[in-house]
Amino acid sequence: MKSRKWIVPVLSLSLLFPAANGFAAETTADQNPELETKVIQFTIGSDRYMVNGLFEAVDTQATVYNNVAYIPLRDLADSMDGATVSYDAATGTTWLDTGLARYEFWDNSSRYRVDNMEMRADAPILSREGHVLIPASWVADTLDWTLVYENGLITLYKRY
């Protein structure tokens, strides 16, 4: 009979312990320390850009055209792990291969293809003196990067 009195309190306490562990649960980043944040920064009109705090020379400067911030596609791709860019000057076609998808752009057009499906960007992809500039907002919207634009500084970051 005395052992029955202890069953309910002991059972109740045993149910609380897993709940207490839930409050101190680790986040995905804590469980996967190999996750990192990539930060890429372009300054409008600058000859350099920064990747995770290290400066690199740009092929062409970031710019603003028709109130849209543009960044050089090749420099962006060089900063992304495994991404490649190729360009055909005869047809004015640029390809961006991220490893997950293949994007095809045409000079000064807002149309593009992703894995052979035609899409439309909010602003055209620009070509200047053989260099392709892409709207920073397209990178954020399409490639799922976070974009912050303030006082001529374009910051893109992604945790992966």
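The values are calculated or read from the model by the stated rules, or taken from the named source; none is laboratory data. Note that the structure is predicted; figures quoted are calculated from it, not measured. For neighbour counting, all protein chains shown are included, and Cβ atoms are generated from backbone atoms with ideal geometry for every residue, glycine included. Only protein heavy atoms, including side chains, enter the accessible area calculation; ligands, DNA and RNA are left aside. Shrake-Rupley method; radii C 1.70, N 1.55, O 1.52, S 1.80 Å.
If you stretched the chain out fully between Asn66 and Thr146, how much longer would it get, using 0.36 nm times the residue separation minus the C-alpha to C-alpha distance?
Stretched out fully, the Asn66 to Thr146 stretch lengthens by 26.6 nm.
Would you please name the GluC sites (Glu not before Pro) within the stretch 87-160 that are DSSP coil residues with at most 13 other C-beta atoms within 10 Å of their C-beta?
Here the GluC sites (Glu not before Pro) that fit, given the DSSP loop and packing criteria, are Glu129.
What list of ³J(HN,Hα) couplings, whole Hz, do you get for the stretch 132-139 from phi and the Karplus terms 6.51, -1.76, 1.60, once you set θ to phi - 60° and write x for glycine and proline?
9, 10, 10, x, 4, 5, 5, 4
No solvent, one uniform scatterer per C-alpha: report log10 I(q)/I(0) for the stretch 35-151 via the Debye equation at q = 0.09 1/Å, two decimals.
Log10 I(q)/I(0), no solvent term: -0.22.
At a probe radius of 1.4 Å, what is the per-residue accessible area of Ser46, in Å² to the nearest 10?
Its heavy atoms expose roughly 30 Å² to the probe.
For Asp97, Asp59, what's the largest-to-smallest order of accessible area, 1.4 Å probe?
The most accessible residue leads, giving Asp59, Asp97.
Roll a 1.4 Å probe over the protein heavy atoms and report the accessible area of Ser127 in Å², nearest 10.
Near enough 30 Å² of accessible area.
Please list Val39, Val51 in order of solvent-accessible area, largest first, computed with a 1.4 Å probe with all protein chains present.
Heavy-atom accessible area, descending, gives Val39, Val51.
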